[in-house]
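Okay, so here's the structure we're looking at.
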Amino acid sequence: MENSIFDIPGPFTRADAAAVAWLFVSWYAVGWFTEHPPKRFPSVSVLMKEYRREWMRQFVTREPRIFDSNILASLREGTAFFASACMIAIGGGLALIGNTDQLAGVARQFDMEHVPALKWEIKIVVALFFVANALLRFIWSHRLFGYCAIMMAAVPNEIDDANAVPRALQAAEINITAAKSFNSGLRCVYFALGALGWLAGPLWLIVATMAVLAITIRREFASSSRRVILERLP
């Protein structure tokens with residue numbers, strides 16, 4: 001038997017430790033690389049920052065401004081939806097931790113070796129870590145979009161007002177920060193799904209993490225939508 005990493009019944013193996021380390025390193029690395037890509041090859045998240053700034057520049061001269069308020073309301077609805085979904089997922093995960101017999105029964109059907117309840121619970125907690133992280137980021141994003149709405153309302157109606165453009169650009173930066181938090185929350189959701197692969201074993205966790213990495217990188221750096229966004233970039 002391999003040396004245990006944790007002094008608990010049904011010890012985790014080095015493979016488990018390596019798989020979990022790969023999960024967290026991948027999560028942190030892809031997040032950092034998405035927000036700090038090479039200047040010659042920006043990510044979708046970085047490209048959209050310029051469109052958000054251009055949005056606020058156009059917002060100053062748009063009459064009426066109901067269109068802009070509707071866009072912002074839809075963004076807030078998206079963050080609220082994902083925050084609610086995360087809360088439901090956390091509740092379900094906590095309920096599952098209190099009753100891991102169902103997972104043990106599924107494992108026995110697939111002729112998996114006996115796994116102590118504590119081991120199942122720790123695996124679920126890892127997935128819940130990402131869901132809880134996503135919840136906090138969605139909540140903060142929702143609040144920042146609210147700040148953005150207030151700052152947009154503070155933009156003077158007179159185009160020639162000296163405060164019009166500066167305040168609009170301030171709102172743009174808050175909007176960008178809110179979007180950054182929202183995107184980070186989405187990545188947490190992706191990796192929460194990948195973390196569920198650990199329920200089937202460390203090898204499946206590595207495979208699931210690689211799949212999440214591939215999907216995330218493709219959508220940020222190699223998607224057809226990115227090619228469209230690059231056209232006529234503000």
message: Any residue that is modelled with pLDDT of 60 or more and either surrounded by 14 or more Cβ atoms within 10 Å (Cβ to Cβ) or among the hydroxyl-bearing types (Ser, Thr, Tyr) (or both) - is there at least one of those in region 106-116?
response: yes
message: What are the pairs with Cβ atoms under 7 angstrom where one residue, in region 214-234, is in contact (Cβ under 8 Å) with a residue 60 or more places away in the chain and the other, located anywhere, is part of a loop (DSSP other than H, G, I, E, B) and among the hydrophobic types (A, V, I, L, M, F, W, C)? Sequence gap at least six, or different chains.
response: PHE221/PHE41
task: May I ask you to verify whether ASN157 is outside any helix (DSSP H, G or I) and under 26 Å from TRP55 (Cβ atoms)?
output: yes
field: The lone exception for LEU196 - which of (1) touching a residue at least 24 places away in the same chain (Cβ under 8 Å); (2) among the hydrophobic types (A, V, I, L, M, F, W, C); (3) surrounded by 21 or more Cβ atoms within 10 Å (Cβ to Cβ); (4) within 25 Å of ILE124 (Cβ to Cβ) it fails
entry: (3)
- line: GLU220: passes all of (1) under 26 Å from LEU135 (Cβ atoms); (2) charged (D, E, K, R); (3) surrounded by fewer than 17 Cβ atoms within 10 Å (Cβ to Cβ) but (3)
Long-range neighbours under 7 Å by Cβ, at least six apart or interchain, first residue within 17 Å of ALA195 (Cα to Cα) within region 77-91, second of a type in the set (A, V, I, L, M) and buried (at least 16 other Cβ atoms within 10 Å of the Cβ): CYS86/VAL131; CYS86/ALA134; CYS86/LEU135; ALA89/VAL131; ILE90/LEU128; ILE90/VAL131; ILE90/ALA132; ILE90/LEU135
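The values are calculated or read from the model by the stated rules, or taken from the named source; none is laboratory data. As the structure is a prediction and not an experimental result, all values here were calculated from the model. Using ideal geometry, Cβ is built from the backbone for each residue, glycine included, and neighbour counts are taken over all protein chains shown.
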